[in-house]
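A short worksheet on the structure shown next.
Read the figures in this text as sums done on the coordinates, not as results from a lab. Remember, it's a predicted structure, so these values are computed and weren't measured experimentally. When we count neighbours, we look across all protein chains shown, and the Cβ atoms used for this are built from the backbone with ideal geometry, even at glycine.
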Amino acid sequence: MNLFPKSLNLWVSLPHNEPELAQAALEAGADVLKVHIAADHFASGTRFGTLEEEGERIAQIIAAAKDKPVGIVPGDALEVMPRDLSVLRDLGLSFVSVYAHHLPVRWLKPRPLLPIAAAPSFQFPRELIPALSRTGVSMIEASVMPRDRYGQPVTAQDLAVYQDLRQQTGLPIIVPTQLKWEPEDIPALAATGVNALMIGAVVTGHTSESLYRATRNFREAIDGR
């Protein structure tokens, strides 16, 4: 499956592993979906259960997505992550997204699922991005905003941070909505050269109606550039 069919792509990180949320995102124009297990999600305030607890709903989300890729955050600590990714691959998932300081080396090669390394500001120095890009990761999730910036408007300084990341690596870069992105911000984001905007709870809310509306608005802004 192609995770980057367009010059700027629209990913949706679901605030809960609910098939109706996935369907709303897909109907509104999402290119890629992301689900979670065994994690406390800071932005959404959601506690995601284990694979056993979430597996049936995740399978329904993958079935609904059809030809659209679905990836997973398989926990927020090393001790809860599955040792063998084949069980996740066999569900039909396309990628696995993990903080760089939690990403096991054994997942880099061979790669049952494409590994995305999230580089959080509180743990990973941005100057190491070029070295991280050479470890075998397939993409970089630019989770670079400090938590006291969550939900704040996007500034010129923020754009400079994403532009700096773009200049440090040739790998695809996904920008999550830690900040309060608006559809009118899309041209400025596109100009940085990143590959995808991944909208999540900060801009989508938690209901199928609010998620549909946000996804549709960003879809129209991306397509209308």
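Compute the distance in nm between two label points, each set 7 Å from the Cα along the Cα-to-Cβ direction, one at THR155 and one at ARG47.
Result for the modelled spin labels: 3.5 nm.
Positive end of the charge dipole of the stretch 9-223 (Lys, Arg +1 and Asp, Glu -1 on Cβ, about the Cα centre): tell me which of PRO115, PRO130, THR192 has its Cα farthest that way.
The Cα lying farthest towards the positive end belongs to PRO130.
For the chain, what is the calculated [θ] at 222 nm in deg cm²/dmol (nearest 500), taking -39500 (n - 2.57) for each run of four or more DSSP H residues and dividing by its residue count?
-9500 deg cm²/dmol
Placing +1 on the Cβ of each Lys and Arg and -1 on the Cβ of each Asp and Glu in the chain, which of GLN167, ALA28, VAL73 has its Cα farthest towards the positive end of the resulting dipole?
The residue sitting farthest along the positive end of the dipole is GLN167.
What percent antiparallel are the DSSP beta bridges of the stretch 9-223, to the nearest 5?
10 percent
If you put +1 on each Lys and Arg Cβ and -1 on each Asp and Glu Cβ, how big is the dipole of the stretch 1-69 around its Cα centre, in Debye rounded to 20?
Value, rounded to 20: 300 debye.
In which sequence would ARG47, ARG111 go, from the one with the fewest C-beta neighbours within 10 Å to the one with the most?
Fewest-to-most Cβ neighbours within 10 Å comes out as ARG47, ARG111.
Listing MET198, MET145, MET1 from the residue with the fewest other Cβ atoms within 10 Å to the one with the most, what is the order?
In increasing order of surrounding Cβ atoms, one gets MET1, MET145, MET198.
Length gain on complete extension for the stretch LYS6 to ARG126, per 0.36 nm per residue less the alpha carbon to alpha carbon distance?
Answer, rounded to one decimal: 40.6 nm.
By the scheme Lys and Arg +1, Asp and Glu -1, what is the net charge of all other residues having a beta-carbon under 13 Å from that of LEU14?
0
I need the chymotrypsin sites (Phe, Trp or Tyr not before Pro) found in the stretch 126-225, filtered to DSSP loop residues with at most 16 other beta carbons within 10 Å of theirs.
Sites meeting the loop and neighbour criteria: TYR150.
Could you calculate the FRET efficiency of GLN60 with GLN163 from 1/(1 + (r/R0)^6), where r is the beta carbon distance between them and R0 is 41 Å, rounded to 0.05?
0.60
Which value, in debye to the nearest 20, describes the size of the charge dipole of the stretch 96-225 about its Cα centre when Lys and Arg Cβ atoms bear +1, Asp and Glu Cβ atoms bear -1, and nothing else is charged?
Value, rounded to 20: 500 debye.
Suppose the chain between LEU108 and GLU20 were pulled fully straight at 0.36 nm per residue; how much longer would it get relative to their current alpha carbon spacing?
Separation in residues times 0.36 nm, less the Cα-Cα distance, equals 28.4 nm.
Return GLU54, GLU182 ranked ascending by Cβ neighbour count within 10 Å, so the fewest neighbours appear first.
Least to most surrounded, the residues fall as GLU182, GLU54.
How large is the translational diffusion coefficient of the stretch 163-202 in µm² per second when you combine the Kirkwood radius over alpha carbon pairs with Stokes-Einstein at 4 °C and 1.567 mPa s?
Diffusion coefficient, whole number: 121 µm²/s.
With N denoting the number of residues in the chain, provide Rg(C-alpha) divided by 2.2 N^0.38 Å, to two decimal places.
Dividing the Cα radius of gyration by 2.2 N^0.38 Å gives 0.93.
Once the other residues with Cβ under 14 Å from the Cβ of VAL137 are scored (Lys, Arg +1; Asp, Glu -1), what is the net sum?
+3
Can you tell me the dipole magnitude for the stretch 9-223 around its Cα centre, using point charges on the Cβ only (Lys, Arg +1; Asp, Glu -1), in Debye to the nearest 20?
For this selection, approximately 600 debye.
For the chain, what does the relative contact order come out to in percent, with C-alpha contacts under 8 Å and a separation of six or more?
For the chain, the relative contact order is 23 percent.
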